[in-house]
Amino acid sequence: MFEYKLDRTDAQARAGRLQLPHGEVLTPTFMPVGTYGAVRGLHPEEVEAAGAQIILGNTYHLHLRPGEQTVQTMGGLHRFSAWDKPMLTDSGGFQVFSLAGLRTIEEEGVEFTSHIDGSVRTLTPESSMDIQSALGADVAMAFDHVVPGQASRELAEEGMERTLRWLDRCRNRHQELASPSQTLWPIIQGGSHDELRRRSLEGTLERGPWTGIAIGGLSVGEPKPVMHRVLESLAGGLPQDRPRYLMGVGFPEDLVEGIARGVDLFDCVAATRNGRHGSAW
C-alpha cells in the first residue's frame, strides 16, 4: 500500500512509482497546494486535467477553519475536497514558523495566535498527528521545528535536535492511532549547515524504517546555491528505495535543479498563486 519502485536513474535524477492507498504517483512530480483541501481557482477535474497526481492539504489552515472534526464528519479530506487521488497533509510546522511575533516555541509544542479570530491555540507533535489522522490523507508529515534560512549554527542545531525529539513523539502517537490507510514521513532539518543536515538524516534513519523522507527548512531565505549544496550533501545518504520530498519548493528552475539532485516530490503555492494573479510560466 505504501511502496516505492525506482524505475530508472540518470546521474542523481530518478524516475519511479509511488503506490499509495488512493492510487499510484509517477515521480518526479509536483504537488499543487490545496490549502483548505481545494486548489484555488480550479475544479478538481481541472486539477487532474493539468496533470496533477497528488495534492497537498494544509493542516494549520484546515484546523483553524473549518476544523478537522468537520472534515472528518464529512467523510475525510478526500470527500471534503472531491479529490479521489492521493493526498498529503503538511504538519503545520512551517505555518507556525511563519507567524513570527504571534507564536512561542517550547519543548511541548507551539502556542500561537490565530490569524482568523485571535484565539490562542497550541499545536504539539501529538495534536498534529491527531489532526492529520482526522483529515485522513494518504501521507501525514511529522511536526518539525523550522528555522530561518540564514539561522546560526546554534539556532539550526536547536531546531534540528528538537525536530528529532518531536519525531519520536509523532511516531508514537501515529502508532497509537493505527490508521492502516495513512503513513508518516519524517522531515530532515539543520538549516544551511551540512553537518547538522547529516546528523538529522542519521537520527531520522535510526528511528525508521520510513516509507518516505522529506527535506524541510529550505527555500526559507537562503541563497539558491546553498539549497543546492544541502541537497547534494544529503543525496548519498538518503535511501535509494524511498521517495524524497523537498518541501515548499516549486518554481520551474527549482524543480529542474532539485530533480537533478535526486528529489522526487515537490510542493509550492507559487504555481496556483501566480495563475490566479494572471501570470504564467
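Near the amide H of ILE188, within less than 5 Å, lie the amide hydrogens of ALA214, ILE215, GLY216, all on another chain or at least 5 residues away, with H placed in the peptide plane. Rounded to the nearest whole Hz, the Karplus-based 3J(HN,Hα) values (6.51 cos²θ - 1.76 cosθ + 1.60, θ = phi - 60°) of segment 60-69 follow the sequence 4, 5, 5, 5, 6, 7, x, x, 5, 5, with x at glycine and proline. With the whole protein complex present, GLU107 retains an accessible surface near 70 Å², based on a 1.4 Å probe. Per residue, the solvent-accessible area of the chain (1.4 Å probe, heavy atoms of protein chains only, all protein chains present) comes to 43 Å².
Converting phi to 3J(HN,Hα) with the Karplus coefficients 6.51, -1.76 and 1.60 and the offset θ = phi - 60°, segment 185-196 yields 10, x, 10, 7, 10, x, x, 9, 9, 4, 5, 5 Hz in sequence order, with x at every glycine or proline. Geometric descriptor of the chain, per residue, is 125 Å³ (volume of the convex hull of the Cα atoms). The dipole here belongs to segment 151-279: it is taken about the Cα centre, uses +1 on the Cβ of Lys and Arg and -1 on the Cβ of Asp and Glu, and is about 280 debye.
The overall shape of segment 1-155, judged from the alpha-carbon gyration tensor, is oblate: a/c is not under 1.5, and a/b is no greater than b/c.
Of all DSSP bridge pairs formed entirely within the chain, close to 50 percent run antiparallel. Heavy-atom accessible area with a 1.4 Å probe sorts THR89, THR35, THR9, largest first, into THR9, THR35, THR89. Sites listed here are trypsin sites (Lys or Arg not before Pro) in segment 1-81 whose DSSP assignment is loop and whose Cβ has at most 15 other Cβ atoms within 10 Å: ARG40. Cα centroid separation, segment 92-108 to segment 157-215: 18 Å. Largest to smallest in accessible area, the residues HIS277, HIS43, HIS63 fall in the order HIS277, HIS43, HIS63 (1.4 Å probe, all protein chains included). The phi-based Karplus calculation (6.51 cos²θ - 1.76 cosθ + 1.60; θ = phi - 60°) puts the 3J(HN,Hα) values of segment 118-134 at x, 6, 8, 10, 10, 10, 10, x, 5, 5, 4, 5, 4, 5, 5, 5, 5 Hz, whole numbers, x for Gly and Pro.
Using a cutoff of 8 angstrom between alpha carbon atoms and counting only pairs six or more residues apart, the relative contact order for segment 172-281 works out to 22 percent.
Taking a ≥ b ≥ c as the square roots of the eigenvalues of the alpha-carbon gyration tensor, segment 87-193 is classed oblate because a/c is 1.5 or more while a/b is no larger than b/c. Tell me whether segment 141-246 comes out rounded, prolate or oblate; compute the Cα gyration tensor, take square roots of the eigenvalues as a ≥ b ≥ c, and use a/c under 1.5 as the rounded threshold. Since a/c reaches 1.5 and a/b is larger than b/c, the shape of segment 141-246 is classed as prolate.
For ASP241, the solvent-accessible surface computed with a 1.4 Å probe is close to 80 Å², ligands and nucleic acids excluded.
Accessible surface of TRP83, taken over heavy atoms with a 1.4 Å probe and every protein chain present, rounds to 10 Å². Here the sum of -39500 (n - 2.57) over DSSP H runs of 4 or more residues, divided by the residues of the chain, equals -11000 deg cm²/dmol at 222 nm, to the nearest 500. Here the accessible area is traced with a 1.4 Å probe on the protein chains. For the chain, carbon and sulfur cover 51 percent of it.
The values are calculated or read from the model by the stated rules, or taken from the named source; none is laboratory data. Here the structure is a predicted model, which means the values were calculated and not measured. Cβ atoms come from the backbone with ideal geometry, glycine included; neighbour counts cover every protein chain shown. The area values use the complete protein model at the heavy-atom level, side chains included, leaving out ligands, DNA and RNA. Shrake-Rupley method; radii C 1.70, N 1.55, O 1.52, S 1.80 Å.
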